[in-house]
2 protein chains.
Amino acid sequence: MVPHLTTALNGPLLTLEKRMLASMPEIEHWFRQQWLDYATPFYASVDLRNAGFKLAPVDTNLFPGGFNNLNPDFLPLGIQAAMSAVEKICPDARRLLLIPENHTRNTYYLRNVAALTNILRQAGMDVRVGSISPEITAPVDLDLQNGHALHMEPVQRKGNRLVLDGFDSCAVLLNNDLSGGIPDILQNLEQTLIPPLHAGWATRRKSQHFAAYNRVAEAFAALIGIDEWLINPYFSTCGEIDFHAREGEDCLAANVEAMLMRIRAKYKEYGVEQEPFVIVKADAGTYGMGIMTVKSPDDVRDLNRKQRNKMSVVKEGLQVSEVIIQEGVYTFESIEDAVAEPVVYMMDHFVVGGFYRVHTGRGIDENLNAPGMQFVPLAFEQPCSMPDCGGAPDSLPNRFYAYGVVARLALLAAAIELQEQDPENQH
Amino acid sequence: MVPHLTTALNGPLLTLEKRMLASMPEIEHWFRQQWLDYATPFYASVDLRNAGFKLAPVDTNLFPGGFNNLNPDFLPLGIQAAMSAVEKICPDARRLLLIPENHTRNTYYLRNVAALTNILRQAGMDVRVGSISPEITAPVDLDLQNGHALHMEPVQRKGNRLVLDGFDSCAVLLNNDLSGGIPDILQNLEQTLIPPLHAGWATRRKSQHFAAYNRVAEAFAALIGIDEWLINPYFSTCGEIDFHAREGEDCLAANVEAMLMRIRAKYKEYGVEQEPFVIVKADAGTYGMGIMTVKSPDDVRDLNRKQRNKMSVVKEGLQVSEVIIQEGVYTFESIEDAVAEPVVYMMDHFVVGGFYRVHTGRGIDENLNAPGMQFVPLAFEQPCSMPDCGGAPDSLPNRFYAYGVVARLALLAAAIELQEQDPENQH
């Protein structure tokens with residue numbers, strides 16, 4: 001069962017997919033060149049939106065959850081890619097300490113940790129899960145409510161190393177996005193941290209990612225001869241904003257207005273009849289908190305207290321002071337009247353699978369990764385690496401190939417962003 | 001449907017598989033270290049023999065055919081591994097000229113070329129098939145008798161480059177093992193040849209491969225604490241032999257006798273009751289021509305004219321002058337009373353699949369890759385990368401993991417052999 005594209009406006013996207021298929025050798029060659037210049041992140045997931053006329057990344061997660069939602073048939077792909085990732089980033093490592101998020105009561109998240117651990121073990125790593133949550137004070141088996149349990153131990157700091165009882169690893173894999181800041185226990189470690197600390201939301205900014213994506217999308221669009229806009233959502237930023245004190249609202253309203261105008265012009269160029277919208281969200285942070293769908297500058301002027309509260313706090317109480325204003329991309333994929341949004345998973349620079357977030361209670365212009373969201377994961381039925389060059393551009397293998405290409409563009413942007421934001425490169 | 005191990009003598013093999021499973025992090029770590037030191041071949045297949053008490057490689061093919069026999073479900077694994085192989089060996093390449101064997105009337109072989117081409121195309125290469133056979137004088141579509149055709153063009157030499165009409169590639173992939181010597185058209189090319197010419201049977205020797213394998217097996221056996229013999233067949237060589245002139249027979253007989261004694265001692269040590277045997281085969285060449293099963297020194301003294309003819313000529317008329325005497329390994333896998341021999345396929349250093357050669361008309365002590373052999377390929381039902389650490393050591397995923405490990409040991413030996421035999425390293 002696969003979502004249908006429910007739009008008549010699929011002309012430009014068909015063109016885009018056709019162009020990608022025809023340019024496949026150039027595209028793969030180009031990616032190979034890029035990966036000679038930029039170190040690939042260990043892993044990542046990318047949220048895509050498919051508007052029929054436009055296919056674009058809207059979020060790139062460098063601490064991906066949701067590995068439990070991938071199609072188990074593609075597990076060997078993940079194992080092989082994990083082997084490549086380990087080879088590149090920590091070839092000397094035999095053991096891997098995996099540090100998950102602190103929300104140890106979220107069974108879905110814990111299943112993700114179990115699935116990720118399984119992939120890494122099958123890739124030949126000796127993996128143990130160590131929590132930095134104050135709630136984990138002794139080894140515990142957490143029930144995954146699927147007949148399995150996840151063994152978790154409290155992390156101990158010894159000098160500048162993180163260890164578990166009888167387990168000292170030369171590499172530490174973070175599956176914790178540091179939204180709450182970098183805890184002391186992770187500071188000044190002598191072990192290799194994967195991804196590095198500056199990939200966490202304590203320092204990372206979406207606007208830096210999308211600034212890098214601008215350059216990636218521009219080069220890629222030139223490579224295959226397309227309008228960059230077809231794969232790239234506009235974005236802008238507004239410096240410091242205090243929603244409670246209503247500081248920065250004018251800047252926000254002006255940016256929203258300017259962006260709506262730019263989108264309107266593009267919609268006119270491509271004959272798109274939908275109403276343009278923008279998304280205002282925290283420049284740091286994840287989990288879909290602090291996100292607004294905005295269709296008019298007035299929408300950001302007349303926020304009520306509840307909306308202001310919502311925008312002021314993201315995960316783990318991090319204050320929103322910087323926001324990113326991003327072009328909204330409609331999602332015109334749906335399944336049984338529910339809106340569907342593809343999420344693509346990568347390890348090293350390989351696409352290892354993906355799934356659809358399927359949500360019945362949300363509109364086509366709303367963020368599907370939102371608090372309280374009850375999405376149904378729908379694993380991709382096919383890998384993203386097998387286009388059917390004889391098939392129609394919108395046939396399933398070809399749509400998935402296009403997803404894989406755009407997700408890898410976002411991955412490349414993340415690689416550039418991480419290199420540029422690396423404190424060691426900032427002198 | 002999977003072959004059964006039909007032997008009571010599986011104690012040592014179970015021990016071996018158990019040891020491999022328990023040592024998986026050490027094994028994968030060790031392989032990572034090796035691949036830092038040795039360049040992995042682009043692709044290879046390894047013939048294994050599973051005697052229940054012993055699991056060993058008996059032949060390593062650096063120009064593998066048979067890609068058409070792999071399970072199509074694992075195609076994504078091949079594509080991903082091909083991407084890695086291209087990245088490492090020819091990252092600049094966009095186009096790839098594939099040069100197949102000259103036997104353009106063997107439909108099974110042509111299907112292999114088509115399957116290999118498909119994998120490389122899906123990995124993003126612009127691939128065309130160019131033949132060096134004098135029979136191919138114009139572009140032709142060869143019927144694969146499965147509803148598909150393979151487009152083949154005559155290769156042209158322009159200066160020091162091989163080209164097709166409108167197609168000049170920076171890399172040339174050989175699927176031709178050069179058994180008939182290195183043709184002039186392949187000499188002194190400025191393009192990158194993959195694998196290099198010295199991987200071809202014009203210069204390659206099985207004894208060099210197994211000499212390298214001796215060192216690999218010794219190091220690996222020490223790593224996981226097993227008797228090296230459990231994964232390594234004895235071998236020796238005898239210099240020049242002329243079967244027609246009956247020169248070198250004494251040396252051969254003496255070597256056979258000595259090896260049978262060594263095997264007998266090991267069989268005694270492990271309580272194996274089968275009769276030891278050795279295989280005498282051409283030190284260069286493939287295709288299972290020029291192969292004898294020998295159970296007594298007398299077997300090589302009293303060759304009749306027909307046997308001498310058979311041993312004197314291998315593929316494309318290459319004269320046998322050097323032979324390798326190799327410990328015979330029983331194959332105790334069978335399916336519906338037919339003997340089965342696993343063949344494992346690798347691209348870069350990843351196992352991408354495999355199949356069983358299943359042969360009803362052959363004995364458990366005979367070579368299954370023989371002229372006129374009507375084998376039935378039985379694709380592996382599972383990849384070799386997913387051991388079930390909770391399962392029994394002889395469960396299917398675990399048997400396949402052991403196959404993948406031993407095949408990769410042979411691949412590593414090939415990498416060492418190619419590095420040592422590289423003319424550029426021989427000053």
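The values are calculated or read from the model by the stated rules, or taken from the named source; none is laboratory data. What you are looking at is a predicted structure, and each value in this text was computed from that prediction instead of being measured. As a convention, Cβ positions derive from the backbone with ideal geometry for all residues, glycine included, and neighbour counts pool all protein chains shown.
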Point to revise | Residues (in a loop (DSSP other than H, G, I, E, B) and hydroxyl-bearing (Ser, Thr, Tyr)) located in the range B:240-299 | key: B:Thr286, B:Tyr287, B:Ser296
Check your understanding: Can you find even one residue in the range B:160-167 that is exposed (fewer than 15 other Cβ atoms within 10 Å of the Cβ), farther than 19 Å from B:Leu412 by Cα, β-branched (Val, Ile, Thr) and not assigned by TED's automatic domain parsing to the domain that holds B:Leu303?
Key -> no
Point to revise | Checking A:Asn214 against (1) closer than 30 Å to A:Asp250 by Cα; (2) buried (at least 17 other Cβ atoms within 10 Å of the Cβ); (3) of a type in the set (S, T, N, Q); (4) touching a helix residue (DSSP H, G or I) at 6+ places or on another chain (Cβ under 9 Å), the condition it does not meet | key: (2)
Check your understanding: Within the range B:389-408, restricting attention to residues that are of a type in the set (D, E, K, R) and more than 14 Å from the chain's Cα centre (by Cα), which residue is modelled with the lowest pLDDT?
Key -> B:Asp394
**Study point:** Selection status of A:Gly147, surrounded by fewer than 18 Cβ atoms within 10 Å (Cβ to Cβ) and closer than 30 Å to A:Cys238 by Cβ
**Key:** no
Review point. Only one of (1) over 17 Å from the mean Cα position of the chain (by Cα); (2) of a type outside the set (D, E, K, R); (3) within 14 Å of chain B (Cβ to nearest Cβ); (4) under 23 Å from A:Val129 (Cα atoms) is not met by A:Trp30, so which one is it?
Key: (4)
Exercise for review: Please state which of the following conditions B:Met20 fails to meet, knowing it meets all the rest: (1) buried (at least 21 other Cβ atoms within 10 Å of the Cβ); (2) modelled with pLDDT under 95; (3) assigned to a loop (DSSP other than H, G, I, E, B).
Suggested key: (3)
Point to revise | the range B:175-211, residues that are of a type in the set (Gly, Ala, Ser) and closer than 15 Å to B:Ala44 by Cβ | key: B:Ala199, B:Gly200
Revision key, fill the gap. Exception for B:Phe243 within (1) modelled with pLDDT under 95; (2) exposed (fewer than 14 other Cβ atoms within 10 Å of the Cβ) falls at (2)
Check your understanding: For B:Asn309, which of the numbered conditions (1) more than 14 Å from chain A (Cβ to nearest Cβ); (2) modelled with pLDDT of 70 or more; (3) in contact with a strand residue (DSSP E or B) (Cβ under 7 Å, 6 or more places away or on another chain) fails to hold?
Key -> (3)
Practice item. Test each condition in (1) part of a strand (DSSP E or B); (2) under 25 Å from A:Val46 (Cβ atoms) for A:Ala221 and report the one that comes out false. Key: (1)
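Quick grid of which residues meet (1) small (Gly, Ala, Ser); (2) touching an Asp or Glu at 6+ places or on another chain (Cβ under 6 Å); (3) under 20 Å from B:Leu144 (Cα atoms):
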{"site": "B:Gly65", "(1), (2), (3)": "yes, no, yes"}
{"site": "B:Phe74", "(1), (2), (3)": "no, no, no"}
{"site": "B:Lys88", "(1), (2), (3)": "no, no, no"}
{"site": "B:Pro91", "(1), (2), (3)": "no, no, no"}
{"site": "B:Arg95", "(1), (2), (3)": "no, yes, no"}
{"site": "B:Ile99", "(1), (2), (3)": "no, no, yes"}
{"site": "B:Thr107", "(1), (2), (3)": "no, no, yes"}
Point to revise | Pairs where the first residue, in the range A:403-426, is of a type in the set (S, T, N, Q) and the second is assigned to a helix (DSSP H, G or I) and surrounded by 22 or more Cβ atoms within 10 Å (Cβ to Cβ), C-beta under 7 Å, 6+ apart | key: none
Point to revise | Residue count for the range A:178-195, restricted to those that are crowded, with 17+ Cβ neighbours inside 10 Å and closer than 18 Å to A:Leu96 by Cβ | key: 5
